Amino acid sequence: MPVRPVLLAALTAALLCTAAGPAGADPSETVTVDPVGRIAPDGTITLSGTYRCTPGTGPVFVGSSLSQEDPRVKHGIGGSGARCDGAEHRWQNSGTVSSEALTAGPAHVQATLMELRPTGIVPLPAFHAVTDQDITLAQD
């Protein structure tokens with residue numbers, strides 16, 4: 001089976017499970033969101049923050065989603081690899097939203113620190129940390 005469908009299935013499962021939060025996560029593992037996000041002239045959204053996690057058995061990613069006005073409509077804004085060594089690190093995700101324009105002003109971000117743990121054929125998501133943060137989007 002190609003890697004992309006497996007990764008897509010795992011990430012979809014991760015997004016569906018985000019509401020449950022990081023069950024059993026180490027309290028020293030954290031993810032934060034900076035209070036200001038950026039909108040470039042071409043519409044690219046950039047979000048950033050910090051994370052801290054302990055070593056695991058699979059690859060770890062920082063994912064982020066953004067909503068404005070309607071909290072039920074979330075836009076995935078990139079994803080980046082994470083290094084879990086117990087130290088605090090910076091993360092930054094960028095992406096564009098094709099279905100609807102986002103504007104400068106208040107917004108809500110959810111950031112997730114998620115590991116894909118090898119379990120049999122398909123890696124399953126394990127959450128290290130999840131945070132929700134109101135931010136301001138600023139035009140570049």
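The values are calculated or read from the model by the stated rules, or taken from the named source; none is laboratory data. None of the values given here were measured: they were computed from a predicted structure. Quick reminder, even Gly has a Cβ in these numbers, built from the backbone with ideal geometry, and neighbours come from all protein chains shown. SASA here: full protein model, heavy atoms, side chains in, ligands and nucleic acids out. Shrake-Rupley method; radii C 1.70, N 1.55, O 1.52, S 1.80 Å.
Worth a mention:
- Sorting 66-79, 106-119 by their mean Cβ neighbour count within 10 Å, with the most densely packed peptide first, gives 106-119, 66-79.
- In region 99-140, the alpha-carbon atoms span a convex hull of 111 Å³ per residue.
- Between the residues 67, 84, 121, the greatest Cα displacement towards the positive end of the dipole of region 59-140, with unit charges on the Cβ of Lys, Arg, Asp and Glu, is found for 121.
- Taking a quarter of the surface of the Cα convex hull of region 48-140 gives a mean projected area of 6.9 nm².
- Sequence of 130, 33 from largest to smallest accessible area, 1.4 Å probe: 130, 33
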